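J.: After the structure tokens below, expect a handful of questions from me.
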Amino acid sequence: MIYRHYKGGLYLMVGYATKFTPDKDVTVEVFQVAKHTETEEMITVLLVHDKATGGSHYAFDGKFEGILCFYKDIEGNYWLRPKEMFFGNVMIPINSAFSKLEPRFVKMTGEDLYNAICDLVEKEVDAVVELLETKMKHST
């Protein structure tokens, strides 16, 4: 699933991560390193394979409790954020006197997702054109 942050960025939800509990019936591999959004700590995310069920899940080792959303930004950076915060609301200032309550992240689907991707492609194409035009000016 792709989500848009209230500030505009797009993020791919990789999954949920829970605190790692050692068990003889699992195998573990290091999957990725992610930054915790609240503490900015770098946390190793593990991919835990359950031998009994054949299933897999993400886990982290450390001091955090509860379920963390594990997601990736468009630059390839991985993030962890408490699930309650990810799906929670934030106050957005409208002006000096008023604010409004909005979701921190909104799931992108259908035409909204398509338009968001088109906007990203257009920005990338514009950046490449600008770079090429700059190189051409300097080479003549």
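The values are calculated or read from the model by the stated rules, or taken from the named source; none is laboratory data. Remember, predicted model here, so these are calculated numbers, not experimental data. Don't worry about glycine lacking a Cβ; one is built from the backbone with ideal geometry, like all the others, and counts go over all protein chains shown.
J.: Specify which of the listed residues (Glu111, Glu75) is out of contact with any Phe, Trp or Tyr (no Cβ under 6 Å at 6 or more places or on another chain) and either assigned to a helix (DSSP H, G or I) or of a type in the set (Phe, Trp, Tyr) (or both).
T.: Numbers: Glu75 fails: either assigned to a helix (DSSP H, G or I) or of a type in the set (Phe, Trp, Tyr) (or both).
The unique qualifying residue is Glu111.
J.: Against the condition modelled with pLDDT of 95 or more and touching a Pro at 6+ places or on another chain (Cβ under 9 Å), how does Gly88 come out, does it pass? Step through it out loud before you land on a result.
T.: Numbers: modelled with pLDDT of 95 or more: yes; touching a Pro at 6+ places or on another chain (Cβ under 9 Å): yes.
Criteria met by Gly88.
J.: Among the numbered criteria (1) under 19 Å from Tyr11 (Cβ atoms); (2) assigned to a strand (DSSP E or B), which single criterion is violated by Met85?
T.: Failed condition: (2).
J.: In the stretch 18-69, how many are β-branched (Val, Ile, Thr) and assigned to a loop (DSSP other than H, G, I, E, B)? Can you show your working first?
T.: So in the stretch 18-69, the residues β-branched (Val, Ile, Thr) come out as 18, 21, 26-28, 30, 33, 37, 39, 43-45, 48, 53, 67.
Filter once more, so that each one left must be assigned to a loop (DSSP other than H, G, I, E, B): 21, 37, 39, 53, 67.
Counting residues in the stretch 18-69 that are β-branched (Val, Ile, Thr) and assigned to a loop (DSSP other than H, G, I, E, B) gives 5.
J.: Turning to a different aspect of this structure: Kindly evaluate Val48 against the criterion of being over 15 Å from the mean Cα position of the chain (by Cα) and either of a type in the set (Val, Ile, Thr) or within 26 Å of Glu75 (Cβ to Cβ) (or both). Steps first, please.
T.: Values: over 15 Å from the mean Cα position of the chain (by Cα): yes; either of a type in the set (Val, Ile, Thr) or within 26 Å of Glu75 (Cβ to Cβ) (or both): yes.
Yes: the conditions hold for Val48.
J.: Of all residues in the stretch 1-17, how many are out of contact with any helix residue (DSSP H, G or I) (no Cβ under 9 Å at 6 or more places or on another chain) and either outside any strand (DSSP E or B) or under 15 Å from Phe105 (Cα atoms) (or both)?
T.: Residues of the stretch 1-17 out of contact with any helix residue (DSSP H, G or I) (no Cβ under 9 Å at 6 or more places or on another chain): 1, 5-9, 11-12, 14-15, 17.
Next cut, either outside any strand (DSSP E or B) or under 15 Å from Phe105 (Cα atoms) (or both) only: 1, 5-9, 11-12, 14-15.
Going through the stretch 1-17 one residue at a time, the tally reaches 10.
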